[in-house]
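Enquirer: This is the structure I have questions about; it appears just below.
The values are calculated or read from the model by the stated rules, or taken from the named source; none is laboratory data. Just so we're clear, the structure is a prediction, and the values are computed from it rather than from any experiment. FYI the Cβ positions are ideal-geometry reconstructions off the backbone, even for glycines, and counts take in every protein chain you see.
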Amino acid sequence: MTNGHQFDPTILREYDIRGIVGKTLTVLDVEMIGRAFGSQLVEEGGTSVAVGYDGRLSSPELEAAVVNGLVACGLSVHRVGCGPSPMLYFATHHLGTDAGLMITGSHNPPEYNGIKMTMGGRAFFGVDIQNLGARAEAGDFASGEGTAIESPVFDDYITRIASDYAGGRDLKVAWDPGNGAAGDVVQKLVGGLGGEHILINEVIDGTFPSHHPDPTVEENLVQLKDAVARHGCDVGLAFDGDGDRIGVIDEKGCVLWGDQILVILAREVLADEPGATVIADVKASRVFQDEITRLGGTPLLWKTGHSHLKAKLAETGAPLAGEMSAHIFIKHRYYGYDDAVYAAVRLLSIIAAGDESLADIRDSLPAYLNTPEIRFDCDEDKKFGIIDEVRERLSDGDGYRVIDIDGVRVENEDGWWLLRASNTQAVLVARCESTNAEGLERLKQALCGQLRLSGIEPPAI
């Protein structure tokens with residue numbers, strides 16, 4: 001037992017550890033996280049861990065700190081170097097380690113950094129992260145004389161990704177890693193894919209000088225749209241800061257959202273595994289349910305959050321899962337974690353193998369009217385209570401169905417509306433979708449009515 005350490009409580013998030021470097025997240029904090037995580041791993045019988053880091057300016061120093069913490073627990077630490085989070089996940093399989101730990105700020109601004117973790121082949125989140133805080137505060141650390149060795153997997157990772165590219169007609173592809181950690185991977189990968197490739201913002205730069213590294217926000221895709229139009233590309237691909245989320249642009253400059261990407265990938269998966277379950281989060285369009293059913297699969301809605309989906313995929317044995325934030329999990333011929341670069345290669349294979357353009361494929365999907373994701377402030381200590389109130393007022397009734405696995409999603413002949421509490425921010429999240437304008441308006445009014453009954457003035461929807 002050693003002296004305890006207290007973290008700023010804001011850094012212990014639902015899915016990862018995240019804070020402002022030098023303020024809420026210090027070098028000592030990261031070393032203590034290494035001690036706490038490593039101690040739990042030792043308790044569970046683990047002996048080895050892979051560690052990677054992204055391209056943020058603070059990441060090398062924080063990687064060194066967490067390695068020190070892990071070594072102090074007596075663990076064998078494999079340092080895989082700089083790259084995207086999926087490369088770290090790959091390393092845990094390739095090297096056969098008992099756990100993985102990634103220093104990354106994901107898609108957050110440059111001043112942020114954090115840690116994503118996996119242990120024993122499972123997602124490490126929620127109560128696991130809170131337990132790290134309790135262990136550190138108690139000073140309940142394992143002690144030992146571990147080792148740290150350089151274990152680069154960069155070339156092996158690229159070889160593995162490229163091995164699932166089926167080829168076909170040559171494509172012209174624009175890539176935008178957003179100066180994030182996938183930049184070096186993309187630069188080497190494209191040489192083995194054939195066709196023509198235009199790269200922008202491919203140099204890793206932790207200041208993110210070109211745009212914010214979040215491809216799910218359309219304004220961050222302006223440069224990619226320009227590149228697709230200027231070079232006459234078949235498709236544009238973008239990634240977030242740590243390469244686990246994908247953005248897709250068709251040849252007409254239209255964005256394909258996470259659920260649309262998911263159902264296109266499902267065509268190949270379900271052709272190979274008829275009847276298989278495909279998982280999406282509760283924010284997914286009805287397009288997901290309709291298309292997976294049409295393709296002969298079994299659609300399953302689950303909780304929002306990449307860790308929740310990763311855990312559900314493992315539990316069900318599903319070959320494919322994804323969420324609106326464009327985390328795509330492919331177990332079919334792969335490992336089942338969220339790897340945006342691998343998802344890109346699988347998508348390119350589908351396009352190259354067929355005669356349809358990506359815009360044609362997108363246009364073939366059912367068309368629905370929907371609101372954007374509407375996020376509005378709600379006190380942290382009230383947001384889940386509001387959801388409970390709405391849930392208590394509603395239950396399956398005449399002509400509608402309530403799905404309450406994550407918030408409240410109400411489905412009826414008009415379509416559906418959703419209200420859920422964010423797991424990461426003091427906000428409520430809402431969305432509505434219908435087949436027609438009149439139905440969409442009725443859904444909006446139903447949602448707003450529920451908010452007013454709970455004393456919340458609805459935002460503009």
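Enquirer: Would you check if Asp128 is crowded, with 19+ Cβ neighbours inside 10 Å and either modelled with pLDDT under 95 or not in a strand (DSSP E or B) (or both)?
Expert: no
Enquirer: If I filter region 373-390 for residues that are closer than 28 Å to Glu14 by Cα, buried (at least 17 other Cβ atoms within 10 Å of the Cβ) and aromatic (Phe, Trp, Tyr), do I get at least one hit?
Expert: No.
Enquirer: Modelled with pLDDT of 95 or more, on the phi > 0 side of the Ramachandran plot and small (Gly, Ala, Ser): is that true of Gly121 in this structure?
Expert: So Gly121 fails the test.
Enquirer: Let me confirm something: among Ile387, Ile350, which residue is assigned by TED's automatic domain parsing to the domain that holds Ala326 and under 26 Å from the mean Cα position of the chain (by Cα)?
Expert: Ile350
Enquirer: Filter region 411-427 down to the residues that are at pLDDT 95 or above and aliphatic (A, V, I, L, M) and list them by number.
Expert: Leu418, Leu419
Enquirer: Please pick out the residue among Arg160, Arg135, Arg122 that is in the same structural domain as Gln187 (by TED's automatic domain parsing) and touching a residue at least 12 places away in the same chain (Cβ under 8 Å).
Expert: From the options Arg160, Arg135, Arg122, the qualifying one is Arg160.
Enquirer: Based on this model, can you work out whether His211 counts as more than 22 Å from Asp54 (Cβ to Cβ) and at pLDDT 95 or above?
Expert: Against the criterion (more than 22 Å from Asp54 (Cβ to Cβ) and at pLDDT 95 or above), His211 does not qualify.
Enquirer: Just to be sure, is Ala91 without any contact (Cβ under 8 Å) to a residue 24 or more places away in the chain and either under 27 Å from Gly178 (Cα atoms) or not assigned by TED's automatic domain parsing to the domain that holds Phe141 (or both)?
Expert: Criteria not met by Ala91.
Enquirer: Quick one: would you say Glu14 is assigned to a helix (DSSP H, G or I) and in contact (Cβ under 8 Å) with a residue 12 or more places away in the chain?
Expert: Details: assigned to a helix (DSSP H, G or I): no; in contact (Cβ under 8 Å) with a residue 12 or more places away in the chain: yes.
Spelling it out, it is not the case that Glu14 is assigned to a helix (DSSP H, G or I) and in contact (Cβ under 8 Å) with a residue 12 or more places away in the chain.
Enquirer: Looking at Arg362, is it in a helix (DSSP H, G or I) and touching a residue at least 60 places away in the same chain (Cβ under 8 Å)?
Expert: The answer is yes for Arg362.
Residue-wise test of (1) touching a strand residue (DSSP E or B) at 6+ places or on another chain (Cβ under 7 Å); (2) of a type in the set (A, V, I, L, M, F, W, C); (3) without any contact (Cβ under 8 Å) to a residue 12 or more places away in the chain; (4) more than 18 Å from Pro319 (Cα to Cα).
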| residue | (1), (2), (3), (4) |
| --- | --- |
| Asp244 | yes, no, no, no |
| Gly247 | yes, no, no, yes |
| Trp257 | no, yes, no, yes |
| Gln260 | no, no, no, no |
| Val263 | no, yes, no, no |
| Pro274 | no, no, no, no |
| Asp281 | yes, no, no, no |
| Gly297 | yes, no, no, no |
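Enquirer: Something else about it: Restricting to region 131-174, name every residue that is out of contact with any strand residue (DSSP E or B) (no Cβ under 8 Å at 6 or more places or on another chain), among the hydroxyl-bearing types (Ser, Thr, Tyr) and either assigned to a loop (DSSP other than H, G, I, E, B) or surrounded by fewer than 20 Cβ atoms within 10 Å (Cβ to Cβ) (or both).
Expert: Once the filter is applied, which keeps residues that are out of contact with any strand residue (DSSP E or B) (no Cβ under 8 Å at 6 or more places or on another chain), among the hydroxyl-bearing types (Ser, Thr, Tyr) and either assigned to a loop (DSSP other than H, G, I, E, B) or surrounded by fewer than 20 Cβ atoms within 10 Å (Cβ to Cβ) (or both), region 131-174 yields Thr159, Ser163, Tyr165.
Enquirer: Please work out which residue is surrounded by the fewest Cβ atoms within 10 Å (Cβ to Cβ), limiting yourself to region 274-330 and to residues that are of a type in the set (A, V, I, L, M) and assigned to a loop (DSSP other than H, G, I, E, B).
Expert: Leu295
Enquirer: Of all the strands (runs of 3 or more DSSP E) wholly in region 28-124, which have at least 1 residues that are surrounded by fewer than 24 Cβ atoms within 10 Å (Cβ to Cβ), touching a His at 6+ places or on another chain (Cβ under 8 Å) and of a type outside the set (Phe, Trp, Tyr)?
Expert: 48-53
Enquirer: Being touching a Gly at 6+ places or on another chain (Cβ under 8 Å), assigned to a helix (DSSP H, G or I) and at pLDDT 95 or above: is that true of Val341 here?
Expert: Values: touching a Gly at 6+ places or on another chain (Cβ under 8 Å): yes; assigned to a helix (DSSP H, G or I): yes; at pLDDT 95 or above: yes.
So Val341 passes the test.
Enquirer: Give, as residue ranges, the strands (runs of 3 or more DSSP E) completely inside region 188-251 that count at least 1 residues that are small (Gly, Ala, Ser).
Expert: Of the strands (runs of 3 or more DSSP E) lying wholly inside region 188-251, those with at least 1 residues that are small (Gly, Ala, Ser) span 235-239, 246-250.
Enquirer: Any residue at all in region 394-403 that's outside the structural domain of Trp302 (by TED's automatic domain parsing), part of a helix (DSSP H, G or I) and under 23 Å from Ala421 (Cβ atoms)?
Expert: Of all residues in region 394-403, those outside the structural domain of Trp302 (by TED's automatic domain parsing) come to 394-403.
From what is left, the residues that are part of a helix (DSSP H, G or I) are none.
No; the residues of region 394-403 include none that is outside the structural domain of Trp302 (by TED's automatic domain parsing), part of a helix (DSSP H, G or I) and under 23 Å from Ala421 (Cβ atoms).
Enquirer: From the list Ile149, Ile161, which residue is modelled with pLDDT of 95 or more, over 16 Å from Glu14 (Cβ atoms) and out of contact with any Phe, Trp or Tyr (no Cβ under 6 Å at 6 or more places or on another chain)?
Expert: Ile149
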